[in-house]
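Here is the structure we will look at, set down as structure tokens.
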Amino acid sequence: DAGVIQSPRHEVTEMGQEVTLRCKPISGHDYLFWYRQTMMRGLELLIYFNNNVPIDDSGMPEDRFSAKMPNASFSTLKIQPSEPRDSAVYFCASSPDRVDQPQHFGDGTRLSIL
Amino acid sequence: AQSVTQPDIHITVSEGASLELRCNYSYGATPYLFWYVQSPGQGLQLLLKYFSGDTLVQGIKGFEAEFKRSQSSFNLRKPSVHWSDAAEYFCAVGVRTGGFKTIFGAGTRLFVKA
């Protein structure tokens, strides 16, 4: 079975540029989560969707961050404009609609903003 | 408020020695508990989960965890650690808040010495 697929795996760009991270969840999973991981803050939940609808975006750090899920098989996390402090590993995860079911994580996108 | 506490930021054990990683949670309802492992450059992978029944649960890679309701704990154990177990370990609790999400602890990094 294909797992959660994220692209790109690595992204290096200059500050001020727009960055788009992509995620394909596991087919049939109703929930999709975006996380950010840094040494200082650990694993932070940014936003999550249920059936393509954003449920909780309270973790999105600033208006520069936005996320969309146009259909059940695709989601994007966009940063515009990017800043050096946005450098982190961004993970996407998906899960079925069951609180007792685990999340399945992608391998992440390592983002470096110069 | 729901929370997960992993009191040890990092632990070092010798190869072949036993391991116990601590986890305490705060959640008013029936907890759905998970342990995940993250190897360098990868996303989180489920080790084991508990949501009912036998309080001692077995997971992959020889890990087990014991749920103790009276102590609000869900400690992870392994009788004999292998060098390949060096990774970061996350304890988590699944909660329902409108939708549902998983709350992760800060993680414990395990170092294994020869």
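The values are calculated or read from the model by the stated rules, or taken from the named source; none is laboratory data. Since this is a predicted model, take the numbers as computed values, not measurements. Neighbour counts are summed over all protein chains in view; Cβ atoms, including those assigned to glycine, are modelled from backbone coordinates with ideal geometry.
None of A:30, A:63, A:57 is within 11 Å of chain B (Cβ to nearest Cβ) and of a type in the set (Asp, Glu) except A:30.
Against the numbered list (1) outside any loop (DSSP other than H, G, I, E, B); (2) in contact with an Asp or Glu (Cβ under 7 Å, 6 or more places away or on another chain), residue B:81 comes up short only at (1). Scanning the range B:80-91 for residues that are of a type in the set (A, V, I, L, M) and either more than 15 Å from the chain's Cα centre (by Cα) or more than 14 Å from every other protein chain (Cβ to nearest Cβ) (or both) yields B:81, B:86.
Note on the range A:90-114: among residues that are in a loop (DSSP other than H, G, I, E, B) and more than 14 Å from the chain's Cα centre (by Cα), the one that is modelled with the lowest pLDDT is A:99. Just name the residue that is surrounded by the fewest Cβ atoms within 10 Å (Cβ to Cβ) out of those in the range B:15-46 that are assigned to a loop (DSSP other than H, G, I, E, B), facing another protein chain (nearest Cβ under 8 Å) and in contact with a Phe, Trp or Tyr (Cβ under 9 Å, 6 or more places away or on another chain). Checked the range B:15-46; the qualifying residue surrounded by the fewest Cβ atoms within 10 Å (Cβ to Cβ) is B:42. Scanning the range A:76-89 for residues that are out of contact with any strand residue (DSSP E or B) (no Cβ under 7 Å at 6 or more places or on another chain) and either assigned to a helix (DSSP H, G or I) or within 14 Å of chain B (Cβ to nearest Cβ) (or both) gives a single hit, A:85. Looking only at the range A:90-114, residues that are within 14 Å of chain B (Cβ to nearest Cβ), closer than 20 Å to residue A:12 by Cα and surrounded by fewer than 20 Cβ atoms within 10 Å (Cβ to Cβ) come to 2 in all. Restricting B:69, B:77 to those that are surrounded by fewer than 20 Cβ atoms within 10 Å (Cβ to Cβ), among the basic types (Lys, Arg), away from chain A (no Cβ under 14 Å) and in contact with a strand residue (DSSP E or B) (Cβ under 6 Å, 6 or more places away or on another chain) reduces the list to B:77. Among the residues of the range B:93-107, none qualifies, meaning not one is in contact with a Phe, Trp or Tyr (Cβ under 7 Å, 6 or more places away or on another chain), charged (D, E, K, R) and surrounded by fewer than 18 Cβ atoms within 10 Å (Cβ to Cβ).
Condition test on residue B:74, is it outside any loop (DSSP other than H, G, I, E, B) and under 30 Å from residue A:110 (Cα atoms)? Spelling it out, it is not the case that residue B:74 is outside any loop (DSSP other than H, G, I, E, B) and under 30 Å from residue A:110 (Cα atoms).
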